[in-house]
Amino acid sequence: MRVVVVAGARPNFIKVAPIVAELRSKDHETYLVHTGQHYDARMSQAFFDELDLPRPSHYLRVGSGSHAQQTARAMAAFEPVLADVRPDWVVVVGDVNSTLACALVVAKLKEPLGCRLAHVEAGLRSGDWTMPEEVNRVLTDRVSDLLLSPSSDALSNLLQEGISRKVVFAGNVMIDTLLAKLPAAREAGVARRLGFQRGEFALVTVHRPPNVDDPEALSCLLDGLATLGRAIPVVFPIHPRTRDRITRFRFDARLESLHVLEPLGYIDMLSLLDDAGVVLTDSGGIQEETTVLGVPCLTLRERTERPVTIEQGTNRLVQWPLSTPGIMDAVAAARSRGRVAVGERSPHGWDGRAAQRIVDAMERYVPADSLLSEPTVVR
Ligand code: UD1
C-alpha cells in the first residue's frame with residue numbers, strides 16, 4: 001500500500017509514531033506529512049527525535065492563526081501533496097484542526113484519486129459543540145472510510161450515530177507509545193532530578209480555551225493551584241497558549257507557589273506522570289495515560305469525551321465551575337484513593353498492539369458498499 005500519514009500538533013506525533021513504524025516494518029510505502037500546526041522545537045521537533053519518527057516527506061508550514069485560517073491553510077497546502085503522491089490511504093489521527101482539514105481534502109478528491117481515508121481515534125464524543133475538537137471529530141468521522149475506534153464507548157457512539165462505513169475496534173494507539181517508552185521515562189527520573197519524591201507532588205497541565213482564554217476563569221484556576229502549591233509541590237509545564245494568556249492578563253505573580261517549567265518532551269513528561277501523586281489536566285491524552293499508569297487524574301473540564309477513563313480508569317471530573325474548594329477537595333479524595341499498578345485499570349485494547357490492528361484493518365479493508373449488510377463492526 002502507498003500510505004500518507006498526517007500529523008500536525010503535539011498529541012498527533014505520539015499517535016502516529018507506532019503507526020508509521022508498523023507501516024514501514026511491513027514495507028508499505030509511507031509518507032509522513034507534517035502540517036506545521038505546532039512548530040516550536042519543544043512542541044514538535046523534540047517529539048520527532050524522541051519517538052523515532054522519520055523526517056516528514058512534506059512540511060506544510062500552517063502555523064498559528066484563527067481556526068478558519070489554520071484549517072484553510074492546511075487544506076490548500078495538503079491538496080497538491082495528495083494529487084502528487086496519489087496514495088491508496090490517508091491516515092488522520094485525533095481531533096486537531098489539521099485532522100479535519102486533511103480529511104476534507106481527501107473526501108473531495110477520493111473519487112478521482114481512488115484514495116481512502118482512515119480515522120484513528122474515531123467515535124470519541126464530548127457532546128459539547130462549543131469545543132473545536134468536537135466539531136473536528138464528528139466531521140472527520142462522517143467523511144472517513146475506515147473508522148478505527150480506541151474504546152468500546154467510542155464504538156457505541158459511532159453505531160448510535162448510524163455511521164455505516166466500516167468501524168473497527170483498534171484500541172488506543174497512544175498507549176502503544178506509552179508502553180514502548182516507559183522504561184526510558186523511568187530511567188530519566190525527572191522528578192528525582194527536580195528534587196521531588198515519587199507520589200509526593202501534583203503535576204498540572206492546562207491549555208483549553210475555556211480555562212485559559214477567559215481572565216476570570218484563568219484567575220479562579222490559578223488561585224486554586226496557588227492554594228494547592230502551598231500544601232504540596234505542584235509542577236506546572238506551561239503550554240504556549242497558557243503562557244501567552246498569563247502574560248497578557250498580567251497573572252505572572254500568581255505562579256509564585258508553583259514549580260513552573262517550559263513545555264516538556266514526551267519522555268520527560270511521561271517520567272513525571274509516572275511519578276506524580278496526582279495529575280490535574282484538561283488534556284485528553286493525559287486522562288488516558290494516567291489511566292494506564294494507575295495515577296489518580298483530575299480533569300479540569302465540565303465533561304470528557306473519554307468516559308472510559310472515569311468508568312474503568314483513575315480519572316475524575318473536578319466540580320464545575322472550577323473553584324479553590326473544588327480543586328482542594330478533589331485532590332484530597334484522589335490522594336486517599338492512591339495509585340494502582342501500571343495496567344491494572346487499562347481498558348480493553350489499551351495493550352500496546354493498536355498500531356498492528358490499525359495496519360491490519362487497512363490491509364484487509366473491503367469497501368462498505370461491496371458488503372451485503374452494514375454496518376460491519378469488528379470488535
Ligand atoms: C491544539 C489542538 C488541541 C490539542 C493541543 C495540544 C486544535 C483545535 N486544537 O490546541 O486539540 O489538545 O493543540 O497542544 O487543533 N503555539 C506556539 N508554538 C507552537 C504551537 C502553538 O507558540 O508550536 C501557540 C500559538 O501561537 C497559539 C497557541 O499556542 O497562540 C495555540 O496553538 P493552537 O495550535 O492554535 O492550538 P492549541 O491550543 O495548541
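Of the residues contained in region 149-160, none is found to be modelled with pLDDT of 95 or more and within 16 Å of Val5 (Cβ to Cβ). Just a yes or no: is a residue in region 116-128 within 12 Å of the ligand (Cβ to nearest atom), touching a strand residue (DSSP E or B) at 6+ places or on another chain (Cβ under 9 Å), on the phi > 0 side of the Ramachandran plot and at pLDDT 95 or above? Yes; the residues of region 116-128 include at least one that is within 12 Å of the ligand (Cβ to nearest atom), touching a strand residue (DSSP E or B) at 6+ places or on another chain (Cβ under 9 Å), on the phi > 0 side of the Ramachandran plot and at pLDDT 95 or above. Once region 1-14 is narrowed to residues that are within 16 Å of the ligand (Cβ to nearest atom) and aliphatic (A, V, I, L, M), the residue that is surrounded by the fewest Cβ atoms within 10 Å (Cβ to Cβ) is Ala9. Checking the conditions here, which among Asp214, Asp153 is crowded, with 16+ Cβ neighbours inside 10 Å and not hydroxyl-bearing (Ser, Thr, Tyr)? None of the others qualify; the one that does is Asp153. Tell me, yes or no, whether region 193-200 has at least one residue that is in contact (Cβ under 8 Å) with a residue 12 or more places away in the chain and either of a type in the set (Gly, Ala, Ser) or more than 22 Å from Cys297 (Cβ to Cβ) (or both). Taking every residue of region 193-200 in turn, at least one turns out to be in contact (Cβ under 8 Å) with a residue 12 or more places away in the chain and either of a type in the set (Gly, Ala, Ser) or more than 22 Å from Cys297 (Cβ to Cβ) (or both).
Residues checked against (1) surrounded by fewer than 18 Cβ atoms within 10 Å (Cβ to Cβ); (2) of a type outside the set (Ser, Thr, Tyr); (3) over 14 Å from Val91 (Cβ atoms); (4) away from the ligand (no atom under 16 Å from the Cβ):
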{"position": "Val16", "(1), (2), (3), (4)": "no, yes, no, no"}
{"position": "Leu23", "(1), (2), (3), (4)": "no, yes, no, yes"}
{"position": "Glu29", "(1), (2), (3), (4)": "yes, yes, no, yes"}
{"position": "His34", "(1), (2), (3), (4)": "no, yes, no, no"}
{"position": "Pro54", "(1), (2), (3), (4)": "yes, yes, yes, yes"}
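Every condition in (1) of a type in the set (A, V, I, L, M, F, W, C); (2) in contact with a Lys or Arg (Cβ under 8 Å, 6 or more places away or on another chain); (3) outside any helix (DSSP H, G or I) is met by Val235 except one, and the failing one is (2). Looking at this structure, is Leu221 buried (at least 24 other Cβ atoms within 10 Å of the Cβ), part of a helix (DSSP H, G or I), at pLDDT 95 or above and away from the ligand (no atom under 13 Å from the Cβ)? So Leu221 passes the test.
Tallying residues that are among the acidic types (Asp, Glu), buried (at least 24 other Cβ atoms within 10 Å of the Cβ) and either within 14 Å of the chain's Cα centre (by Cα) or farther than 21 Å from His67 by Cα (or both) within region 108-150 yields 1.
With respect to the conditions (1) more than 12 Å from the ligand (Cβ to nearest atom); (2) of a type in the set (Val, Ile, Thr); (3) within 15 Å of the chain's Cα centre (by Cα), Ile286 falls short on a single one, namely (1).
Is it true that Ala170 is over 20 Å from Pro307 (Cα atoms) and either touching a residue at least 24 places away in the same chain (Cβ under 8 Å) or touching an Asp or Glu at 6+ places or on another chain (Cβ under 6 Å) (or both)? Against the criterion (over 20 Å from Pro307 (Cα atoms) and either touching a residue at least 24 places away in the same chain (Cβ under 8 Å) or touching an Asp or Glu at 6+ places or on another chain (Cβ under 6 Å) (or both)), Ala170 does not qualify.
The values are calculated or read from the model by the stated rules, or taken from the named source; none is laboratory data. Since the model is a prediction, treat every value here as computed from it, not as a measurement. Cβ atoms come from the backbone with ideal geometry, glycine included; neighbour counts cover every protein chain shown.
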